[in-house]
Amino acid sequence: MPWPQPTETWTAGQPVTFKFYKPVAATHHGGHCEFSIMYPNSTTYLVLHQELRYCFYTGPPDNGGKDTVREYTFNLPPNLPGTPHAVAAWTFVNSVGAREFYALCGDIAVIGPAGTLTGKAVTIVNYGSDTVLIPEFLGNYDTGISYYTTNTTNVTVVGEGFGGYSG
């Protein structure tokens with residue numbers, strides 16, 4: 001068992017919120033964000049939500065978009081399989097600056113029935129010579145968007161079902 005108890009427990013079909021506390025060191029004029037989950041015995045993450053183009057911004061930074069967005073709330077799929085152990089991740093590709101791939105992770109549990117879910121695999125770019133390099137956006141916030149929307153692969157996650165922790 002990789003950890004004794006998760007830091008968060010989510011429920012299939014319910015909203016979850018990812019919060020970024022100020023100060024966020026560098027928001028790089030936005031970029032592409034994904035929020036994903038990995039189950040035990042999976043080889044990659046399943047995307048639950050995307051914020052493309054202007055992550056952390058209210059709109060295009062070059063058109064007055066404000067660097068004020070510090071939380072994202074979205075509903076989990078109702079058929080998200082339950083599991084006492086999973087890893088939630090936020091990944092980010094910046095629009096300006098050195099070409100980097102940011103990631104933060106946390107241990108979670110998911111309350112829900114046993115089952116499987118197939119969906120988009122997390123996009124991994126700007127992470128060494130084995131991945132695609134998305135250049136700086138230079139004001140074109142559609143830069144690299146196809147790697148998030150059409151040029152993708154699927155992954156299936158399997159959960160044994162989980163009803164929650166007692167106590």
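The values are calculated or read from the model by the stated rules, or taken from the named source; none is laboratory data. What you see is a predicted model; the values in this text were computed from it and never measured. Using ideal geometry, Cβ is built from the backbone for each residue, glycine included, and neighbour counts are taken over all protein chains shown. Surface accessibility is based on the protein's heavy atoms, side chains included, excluding ligands, DNA and RNA. Shrake-Rupley method; radii C 1.70, N 1.55, O 1.52, S 1.80 Å.
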Might you report the magnitude of the Cβ-based charge dipole of the chain about its Cα centre, with Lys and Arg at +1 and Asp and Glu at -1, to the nearest 20 debye? 180 debye
Let me check I have the definition right: for the stretch 1-83, take the eigenvalues of the Cα gyration tensor, multiply each by 5, take square roots. What are those semi-axes in whole Å, largest first? 28, 14, 13
Where the Cα atoms of the stretch 10-154 are projected onto their three principal axes, how long is each span, largest first, in whole Å? 45, 33, 23
Helix-only mean residue ellipticity at 222 nm for the chain, each DSSP H run of n ≥ 4 adding -39500 (n - 2.57), per residue, nearest 500: -500 deg cm²/dmol
If you check each cysteine of the chain for another cysteine whose beta-carbon is under 4.7 Å away, which ones come up empty? CYS105
State the percentage of accessible surface on the chain attributable to carbon and sulfur atoms; use a 1.4 Å probe and exclude ligands, DNA and RNA. 52 percent
Projected label distance in nm at GLU100 and THR43, using a 7 Å step from Cα toward the beta-carbon: 3.0 nm
Any idea of the accessible area per residue across the stretch 34-117, 1.4 Å probe, to the nearest Å²? 41 Å²
Under 15 Å from a point 7 Å along the Cα-to-Cβ line of GLU160: which residues of the stretch 44-78 have their amide N that close? none
Beta carbons within 10 angstrom, averaged per residue: use that to sort the peptides 73-86, 8-21, highest first. 73-86, 8-21
In whole percent, what relative contact order does the chain give with Cα contacts below 8 Å and a gap of six or more residues? 27 percent
Candidate aspartates and glutamates for bridging to LYS19, where Cα separation is under 16 Å - those fewer than 8 sequence places away on the same chain excluded: GLU8, GLU34, GLU51, ASP67, GLU71, ASP107
